[in-house]
Structures are given as C-alpha cells and as structure tokens.
1. Please enumerate the residues belonging to the stretch 78-104 that are touching a residue at least 12 places away in the same chain (Cβ under 8 Å) and among the aliphatic types (A, V, I, L, M).
2. Within the stretch 80-120, how many residues are surrounded by 16 or more Cβ atoms within 10 Å (Cβ to Cβ), farther than 18 Å from I137 by Cα and among the hydrophobic types (A, V, I, L, M, F, W, C)?
3. Select from the stretch 165-180 the residues that are surrounded by 12 or more Cβ atoms within 10 Å (Cβ to Cβ), under 19 Å from the mean Cα position of the chain (by Cα) and within 15 Å of E120 (Cα to Cα) and list them in ascending order.
4. Can K156 be described as basic (K, R), closer than 30 Å to V72 by Cβ and either outside any loop (DSSP other than H, G, I, E, B) or touching a strand residue (DSSP E or B) at 6+ places or on another chain (Cβ under 7 Å) (or both)?
5. Name the pairs: first residue in the stretch 105-118 and touching a residue at least 40 places away in the same chain (Cβ under 8 Å) and under 18 Å from I149 (Cα atoms), second residue surrounded by 21 or more Cβ atoms within 10 Å (Cβ to Cβ) and of a type in the set (A, V, I, L, M, F, W, C), Cβ to Cβ under 8 Å, at least 6 apart or on different chains?
6. Within the stretch 80-106, track down each residue that is over 30 Å from N176 (Cβ atoms) and outside any loop (DSSP other than H, G, I, E, B).
7. Of these, V177, V205, which one is among the hydrophobic types (A, V, I, L, M, F, W, C) and at pLDDT 95 or above?
8. Among the residues of the stretch 121-141 satisfying the criterion of being in a loop (DSSP other than H, G, I, E, B) and more than 18 Å from the chain's Cα centre (by Cα), which is surrounded by the most Cβ atoms within 10 Å (Cβ to Cβ)?
Amino acid sequence: MNIQNKKVLVTGGGSGIGFSIAKAFADKGNQVILFGRTEDRLKAAVAQLSNASYVVGDVTSEKDVLELVKQVKENYDGIDILVNNAGTARLQPLDASVNIYDTAKFEIEINYLSVLRLTELLLPTLKARKEAGIINIQSIVSYVPNAFIATYSATKAALHSYSQSLRLTLEKSAPNVKVFEVFPPFVDTDLTKGFEANKLTPAEVADDIIRSVESDSYAVRNGITKDLYQLFRQSPEEALISLNNR
C-alpha cells in the first residue's frame, strides 16, 4: 500500500505508541490528525510534527466521536488511513475483591467497543478512497492472556477476532480497504510503567508498522510476539504457560 500523501487519523495519538505512529506517517509526507482527551498533550504532539492537527475528544463518548467524524468529513474531506490505537490496561487480581465488573466495563468500552463504533462510522469515507487502510493496535495477549491483565487480554483477543472478520468482509465488498493488525509485546509507555518486562520502544513499533503497511503484510508481530506466536501455533497450552512465567 502506498503511504505517501495520505490523510491519517490516529486515536490516542498524543503520546506513546500513538504519537510514534503519527510521527512515522508524518515523516512520510502524510497529513496526520490526532484524536485524544487531553488538549495540552495533543498540542505538544502536533508542535513536534509536520502537517498535523488535532481534535479533542473521548473515544468512548458517542457525542465526541460523532463530532470527530463530522470534522473528518467537513474539514479534511475524509481520511485514507484509520489507526485505532487508543487503549487502557488495569491490573486485576482475579482472586481478590477489586470491583472487577466496573473495571472490565471501562476497559471493554475503550479497547473494543469504541473501535467498532469509530470504524463503522468512518467506513464510508474509507470505501470512497482508491486505496485505504485500517490499522488496529492489538497486543501479544491477543493470542494468549496474561492473568494479571485478564480483561485487557480479553479485549485484545476480541479485537483480533473482529479484525479478522472485518478483513474477510472487506476483501469481498471493498477490497480497496485493507485491515492491518499489530501485536506488540510490552512497549515502553505510560501504560506499562507498572509492568516488569523487556520492552520495545514506541518508535520500533511504529517503524515495523510502516514497513508492514508498505508491503501489505497484514499481521505485524513485534519482538517476542514472533516467537510466542509460533509456540501458540504449536501448543496454545505451552504458549499460555510461557507468557505467564516471564
């Protein structure tokens, strides 16, 4: 897929992986739109990018998302690439009283349901492009769960299933829209400050995404995800033990 002179929308683009993805696309000569909740962070991010702007809003708010879609159509004449990056993770000991229902509901809204809504609303503008892409940022736990982040794992597994179904659907109805999935292990961002693990940098993840989109490689498996995926294909049980014993 050609990724120059495109209009790219990145949710959660003010920091971390989202910002690095935005920078990688901006450096390729694309127009980048960042969407996030914190205006100060978005302003600081846009100041470091060329040909970038932002829209303030919450991916879980129907009102904010409808306003975003309206601005995308009216101010930018649509987009070519949607990067569903916004997400959150909470440590959840499943054998303790931690109000798991409310925490899980919060994660599911951000990590899964918000992606479905925004993607559905923007599909018409993506279908109208000669060439377009949807990039869903998932995780190593899309394949096997980490017991300490059980709901996060479940949301990423759901997003993986949805992404596969969306790809198969669009291959028949709108083959010009390609669906990419990204499965990084732990990445050195604010989201993973409480996790002890070997971590990739956000820039490494972004560079892998650029290469994969350019080559139409629909699954981006970074770092140790490559090895875990191979183990998962051989023995899901061993992959589960391996990930949770790291």
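The values are calculated or read from the model by the stated rules, or taken from the named source; none is laboratory data. What you are looking at is a predicted structure, and each value in this text was computed from that prediction instead of being measured. Counting neighbours? That spans all protein chains shown, and the Cβs are built from the backbone with ideal geometry, glycine included.
1. Hits for the stretch 78-104 are I79, I81, L82, V83, A86, A89, L91, L94, I100, A104.
2. Residues flagged as surrounded by 16 or more Cβ atoms within 10 Å (Cβ to Cβ), farther than 18 Å from I137 by Cα and among the hydrophobic types (A, V, I, L, M, F, W, C) within the stretch 80-120 amount to 1.
3. Of everything in the stretch 165-180, those that are surrounded by 12 or more Cβ atoms within 10 Å (Cβ to Cβ), under 19 Å from the mean Cα position of the chain (by Cα) and within 15 Å of E120 (Cα to Cα) turn out to be L166, R167, L170, V177, K178, V179.
4. Yes, satisfied.
5. E107/A89; I110/V59; I110/A86; N111/L159; Y112/L159
6. I100, Y101, D102, T103, A104, K105, F106 - these are the residues of the stretch 80-106 that are over 30 Å from N176 (Cβ atoms) and outside any loop (DSSP other than H, G, I, E, B).
7. Values: V205 fails: at pLDDT 95 or above.
Sole residue among the options that is among the hydrophobic types (A, V, I, L, M, F, W, C) and at pLDDT 95 or above: V177.
8. It comes out as R129.
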